[in-house]
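Heads up: the structure comes next, in structure tokens.
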Amino acid sequence: MVTVGARPAPSGAATDLPTSSVSSPPARTATPPLVSTPAPPVDTRVNVNTAGQTELETLPGVGPVTAVKIIDWRRRHGAFRRLADLERVNGIGPKKLETLAPLIRLRD
């Protein structure tokens, strides 16, 4: 131990300085590698039976008017049971349904 500004004590002489033991940090033990389980896939498709207007409007070709028509149809007739049921909504034809099909779902 080096003390700045103090004279070393003569060999064998008692000192009034406290002694401190400097311990080194505990040795690290090897930790086993973390096993990562993949997260279940997230279904990002829009559920047309539960979606509100804002969520429906995220779909291509579905603006405020079509979103309201989907919700109105759903209120009057109940849940869509098949994708083809969406063609009963005024403004959704075969081409639009073909575009929407991979982006929507009917159940949770």
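Just to verify a result, which residue in the range 48-69, among those that are without any contact (Cβ under 8 Å) to a residue 24 or more places away in the chain and under 17 Å from D108 (Cβ atoms), is surrounded by the most Cβ atoms within 10 Å (Cβ to Cβ)? The residue in question is L56. Look at V89 and say whether it is surrounded by 14 or more Cβ atoms within 10 Å (Cβ to Cβ) and either at pLDDT below 95 or more than 32 Å from the chain's Cα centre (by Cα) (or both). So V89 fits the description; yes. Out of A39, A13, A67, A9, one residue alone is at pLDDT 70 or above and part of a loop (DSSP other than H, G, I, E, B). It is A39. For the range 20-28, state whether one or more residues are at pLDDT 80 or above and not in a helix (DSSP H, G or I). Within the range 20-28, none of the residues are at pLDDT 80 or above and not in a helix (DSSP H, G or I). If the condition is being modelled with pLDDT of 95 or more and among the β-branched types (V, I, T), then the range 42-64 contributes V46, V48, T50, T54, T58, V62. Set side by side, the residues R75, R105, R82 differ, and just one is of a type in the set (D, E, K, R) and under 23 Å from the mean Cα position of the chain (by Cα), which is R105.
The values are calculated or read from the model by the stated rules, or taken from the named source; none is laboratory data. Quantities reported herein were computed from a predicted structural model and do not represent experimental measurements. Glycine gets a Cβ as well: all are built from the backbone with ideal geometry, and neighbour counts include every protein chain shown.
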